[in-house]
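To keep things clear, I will list the structure first and then write my remarks on it.
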Amino acid sequence: MSSLLDNLNPEQLAAVTLPNQHALILAGAGSGKTRVLTTRIAWLIQTGNASPNGLLAVTFTNKAAKEMLTRIAAMLPINIRGMWVGTFHGLCNRLLRAHHRDANLPQLFQILDSQDQLAAVKRVLKAMRADEERFPPRQVAYFISAAKDEGKRPRDIEAIDEFTRRGADFYAAYDEQCQKEGVVDFAELLLRSYELLARNEPLREHYQARFKHILVDEFQDTNRLQYRWLRQLAGRDNTLFAVGDDDQSIYRFRGANVGNMADFERDYRVQNIIRLEQNYRSQGNILAAANALIAHNSRRLGKNLWTAEGEGEPIRIFQAASDGYEAAWLVEEAQSLAREGMAYRDMAILYRSNAQSRVLEHALFSNGIAYRVYGGQRFFDRVEIKHALAYLRLLANPEDDGAFLRIVNFPTRGIGARSVEQLQDAALAGSCSLYQAVPSVPGKAGASLAAFVRIIESLREETNSLPLPEVVGALLEKSALVAHYQSERDGADRVENLGELVNAAAAFVQEEAAGGNGGDLATFLAHAALESGENQAGEGMDALQMMTVHSAKGLEFHAVFITGLEEGLFPHEQSVMEDDGLEEERRLAYVAITRARTRLYLSFAQTRLLHGQTRYNIPSRFLDEIPDGLMKWLTPRLGSSLSQETAWQAPVAAPRVSQKDPGHGFRIGQNVVHAKFGQGVIVSAEGFGSEARLQINFGRQGMKWLALAYAKLEPL
């Protein structure tokens, strides 16, 4: 027993050896959460409080579940094969397999992945003769999954508009189709399992009697239905041991409800709340910054991280003139750390938006630094970028059959496999490219293919004399790629990436001009190919790590660079308009900071190229929320973010959005004041004269689009 409990700190020991009562363990970043959870399980088994089959442990990833089982096996000489340790979906699948008749499912029911589900939804829409323009299949699939995550069946959906009314009909037809075919999607696993336990009292009481101890990892990431499922299993005599960190709840967009922690405390009258605050990862100054930042959130259960390892180095702050300068500085700093002996694999670059990676990747690639994009793909390898590049390739070379096949029916335009087969046969017979063979295909298939060719020809004609960035912009609009991804559940990142492709083209033209070259479409496509995944660092290679802050959760590095700390980017401009949005952005920043062990860099840029336009930025409010004594500025501090925004001035030579005189006297980068929103900086503009609209960063009030004719702005 002593070996099991050796080297636990007092709070960890208290959590592991708690009596049989409901408990909430607030486990701070780097506080040994997984160790506490697995040791608790081993202690319960070793002391006879539970048998290996008499407890249930839930986590969020298969990797975490496997690690938990491996650790338990290393602690105890037991057979772990029969233990109920897994993800919510994995455990629900196991439950439904065991009781498939009671759940009204065939014994060998199949599980639909996201692509299978989308195909099933498309069949439903086709059978119901629904207009896919008005009811995009991906949006309908998202609607159904979201309803299931809330525990709703079609009859429970309130029809507040035509989409929800029709959505409920589609959901009902989809349910009927899945039932007939004996298949379930991921959301159905949890919902049907919950419904089974809710209506079948003998079965519910059986599992309540079996699983006297229920342990939950990452409790802050549970959604409402997952919490309700746990409540079905947690009867009067069970103990619920929930481990989580409300300060690291960053998955609201997936349905996570941080309020479950407070609800659990209230619903079960939890007496045992243990805070794991000793951090074994980061040095003191890093933790002090994280504590100071997260203290600005009002809705938290509260804890304060500390370490016995000393204060360590100050947090380094860098203010760049542009995103390009930010990337160049970062490369120099990474090279300097490498010369001092730090491996690149121990460094990480974190960013709020995937679209930020492009300029950073280019700087690393140009300087020969190996890097790996964690939890994602390199910019030019992302599927939406590949699609856009295929359009550009076909524009540059109609003989490119590979590009043709990739985009001929993307976004979907009614060109199926049979039509493509007919075209390939015609091309083979005529010894020509697919593009040239289109006129040879008869009937409806030929008409659909000809319509696609007209899109390409029209685009070629429209962009014939345009500069490269405008060619890319026109392509994105004409191809309907942006419109397609805007209708997707998780399409916002893809839309941002497509906008960043315009920036990539603009930056490429500038670089080529500096070298005395033209920067045409063909050379840009060659450039994109050279920077694609063929150069991705191989396994085992010493490579710098790049990732979004969301992807960084659970990881740690010796040196961390958090980039793009600007109002409107981090915190994201949309967060200001959402309930709890700003607090979640602050939790994201807290997660980012606590990834660093010894060296932390925070950087921001005064100007950033966004969607082909130069955007002028105010430094993030999060920089103001970190005490000055913890920071070391590597550049002269020109004024803090929101308390002194009038001290920040845009560069004198501000680039214009258009060559045409806007006719209203305001310019990008200008400081202005509004009667309601206060002081702000103009970051974008569209239209001319009295029809103009200005996008203004009002700091704490967020980003606003204002019609100039009504806004009554005053210049500062």
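The values are calculated or read from the model by the stated rules, or taken from the named source; none is laboratory data. All figures in this text were calculated on a predicted structure; none of them were measured in a lab. Positions of Cβ are backbone-derived with ideal geometry, glycine not excepted, and every protein chain shown enters the neighbour counts. Heads up: the accessible areas ignore ligands, DNA and RNA and are worked out on the full protein's heavy atoms, side chains in. Shrake-Rupley method; radii C 1.70, N 1.55, O 1.52, S 1.80 Å.
Distance between the C-alpha centres of segment 193-256 and segment 8-25: 19 Å, rounded to the whole angstrom.
Beyond 15 Å, how much of the Cα-Cα pair distribution for segment 439-479 remains, as a whole percent?
Looking at segment 439-479, the distances longer than 15 Å represent 46 percent of pairs.
When Glu531, Glu556 are compared by accessible area of protein heavy atoms, the largest-first order is Glu556, Glu531, using a 1.4 Å probe.
At R0 = 25 Å, how high is the FRET efficiency between Glu201 and Gln179 if r is their beta carbon distance? Nearest 0.05 is fine.
Working from the Cβ atoms, E equals 0.60.
Only the Cβ atoms of Lys and Arg (+1) and of Asp and Glu (-1) were treated as charged; on that basis the dipole of segment 114-168 about its Cα centre amounts to roughly 280 debye. Relative to the globular-protein estimate of 2.2 N^0.38 Å, the Cα radius of gyration of segment 351-457 stands at 1.37. Its Cα centre serving as origin, the chain has a Cβ charge dipole (Lys and Arg +1, Asp and Glu -1) of approximately 1800 debye. Counting every C-alpha pair in segment 232-363, the share spaced more than 27 angstrom apart comes to 44%.
Note that segment 411-570 presents 45 Å² accessible area per residue, ligands and nucleic acids not counted, probe 1.4 Å. Apolar share of the accessible surface for segment 296-351: 46 percent from carbon plus sulfur atoms, 1.4 Å probe.
Using the average count of surrounding beta-carbon atoms within 10 Å as a protection proxy, the listed peptides 232-243, 615-626, 124-135 rank, highest first, as 615-626, 232-243, 124-135.
With the convex hull constructed from alpha-carbon coordinates only, segment 162-308 shows a mean projected area of 12.8 nm² over all directions. Annotation for Ala529 and Ser114: the two label points, set 7 Å from Cα along the Cα-Cβ direction, are 3.0 nm apart.
Distances between every pair of Cα atoms in the chain, grouped in 10 Å steps from 0 to the bin holding the largest one, split as 3, 12, 20, 23, 21, 14, 6, 1, 0 percent. For segment 94-134 versus segment 363-394, the spacing of their alpha-carbon centroids is 34 Å.
Electrostatic tally near Asn93: other residues with Cβ closer than 11 Å to its Cβ, Lys and Arg +1, Asp and Glu -1, net +2. Highest mean first, the peptides 353-366, 438-451 sorted by other C-beta atoms within 10 Å per residue fall in the order 353-366, 438-451.
Net charge within 14 Å of Met75 by Cβ-Cβ distance, Lys/Arg positive one each and Asp/Glu negative one each, not counting Met75 itself? With Lys, Arg at +1 and Asp, Glu at -1, the neighbours total +1. Using the 1.4 Å probe convention, the accessible area of segment 576-626 works out to 24 Å² per residue with neighbouring protein chains retained.
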